[in-house]
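The values are calculated or read from the model by the stated rules, or taken from the named source; none is laboratory data. Keep in mind that what you see is a predicted model, and the values were worked out from it rather than measured. We place every Cβ from the backbone using ideal geometry, glycine too, and count neighbours over all the protein chains shown.
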Amino acid sequence: MEETIARIDQIQRKHLKSALTNRDDKFERAAEALLAGLWCFNLLLDHGALMFAAGRVAGLPGYGYWSAEKLAGEESHYRQLGWKSRGVLFVILSIHEVMLQKDWFRNIFNWILLTAGHFVIVMSNVVLKILKV
């Protein structure tokens, strides 16, 4: 586990921080491709919200969201987001940084995800049997 943590920290310091600080066209295209691939799993994905959340994970300045994290005089990247991105970001951060800290919510959330997954599998099998594929 220590080796994994060290490797992830190295990737974050060497690659993620520099890529997020100096975004070029190649990085933006890669982020858009990532979103396009993940869209079928999560409809809430949004480019602006994803980039802001990545900046938070990397610990970059200007990516404070909660009022206690914001520093006086620091330029916030939050103001550059559109209303849709702000709404998506609120939902993502509320779930991942607040609600998943609660055991009861995490258990209910996991149960819902598992139940939804089973429902999709059952329904796809029914459709395949109807179509006789």
Practice item. All but one of (1) charged (D, E, K, R); (2) at pLDDT below 80; (3) part of a loop (DSSP other than H, G, I, E, B) hold for ARG23, so report the exception by its number. Key: (2)
Practice item. Answer yes or no as to whether LEU71 is exposed (fewer than 12 other Cβ atoms within 10 Å of the Cβ), at pLDDT below 85, more than 19 Å from GLY48 (Cα to Cα) and more than 15 Å from the chain's Cα centre (by Cα). Key: yes
Review point. Does ASP25 count as in contact (Cβ under 8 Å) with a residue 40 or more places away in the chain and either closer than 25 Å to GLN80 by Cβ or in the same structural domain as GLY82 (by TED's automatic domain parsing) (or both)?
Key: no
Check your understanding: Is one or more of the residues making up segment 28-37 in the same structural domain as SER94 (by TED's automatic domain parsing), touching a helix residue (DSSP H, G or I) at 6+ places or on another chain (Cβ under 9 Å) and closer than 17 Å to GLU75 by Cα?
Key -> no
Revision key, fill the gap. Within segment 84-105, residues being over 17 Å from the mean Cα position of the chain (by Cα), in a helix (DSSP H, G or I) and exposed (fewer than 13 other Cβ atoms within 10 Å of the Cβ) number 2
